[in-house]
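Written below as structure tokens is the structure these notes are about.
The values are calculated or read from the model by the stated rules, or taken from the named source; none is laboratory data. These numbers come from a predicted model, not from an experiment. Glycine also receives a Cβ, built like all others from the backbone with ideal geometry; neighbour counts cover every protein chain displayed.
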Amino acid sequence: MRKLLLLLLIVFLGSCMYKVPPGNVGLKVNTLGSKQGEIEVYDVGRYWTGINTEWYRFPFFIQNYIYPEPFKFPINGGLVITLSLGVEFNLEHDKISDIFQRYRYGVDEIRNVVIRKEILNSLQKFSADYDIDSFLEGGTRELIQKVNEDVQQKFGPQGINIVQVTMSGEPVYPEEIRRAIIAKIQATQNAVTRENELREAEAEAKKKMAQADGEAQSMLIRARAEAEANKLRQATLTENLLRQQWIEKWNGKLPEVISDEAMIYGRTRN
């Protein structure tokens, strides 16, 4: 029986304690009595609590959160764009009590309601500067940069430091725009393919022209060589033929007048 009572006492005492882990600040809000509504700030440790208090725990380290529900907003022209976004932020340690008094929310509600709402407001404020063409040509990241600067200026003085708002996926466009984008991409790919084929054809034509030119030059060189050879052969044949005819017609007597040519023939004969 004593063990049971001791166990119940330990459980009861444990339920009367609140733990503030490292990296967090604990806020104790009094709900009854003369201190009703007062907020007390506690750092790391374990603290007594009671039925007249509510505790809130606020981390002050950097948190990175992806919103499960995407953001929808119109752009110039009335088209509605869908973006999946995340936020990286932290709360300033010394301003956590002020943040709670301003919004009366815990950290999850501040992230999911307060920060999300302001991100959406900024998207709607700046998205009217973009039509579908400018949005497709780099406008998305430019818009997110403007949203970053806007929410940082709003929340920074309050102690909510927005490190950055980030895209967690590609934009989702209306179906008719999506089909047009696909058609444009396909047309661009087809144009690139045709251009590559044209370049290949031009390169092949130049290659064949170079080959033909080379073959023509080779044939010309061969023809010139053949002509020179024929010319030499013709000269040789003519000289030999003249010698043969001179020999056949010679009567064995030396000519009275001997020319250089006759001397050549004579020496050849001898």
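Summary of values
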| item | result |
| --- | --- |
| When residues of the range 45-70 are limited to those that are outside any strand (DSSP E or B) and at pLDDT below 90, the one surrounded by the fewest Cβ atoms within 10 Å (Cβ to Cβ) | I51 |
| Test: Q36 is exposed (fewer than 11 other Cβ atoms within 10 Å of the Cβ) and within 21 Å of F100 (Cβ to Cβ) | yes |
| Unique residue being at pLDDT below 85 and not β-branched (V, I, T) when the list is L91, L5 | L5 |
| Qualifying residue in the range 64-82 (condition: closer than 19 Å to K154 by Cβ and out of contact with any helix residue (DSSP H, G or I) (no Cβ under 7 Å at 6 or more places or on another chain)) | no |
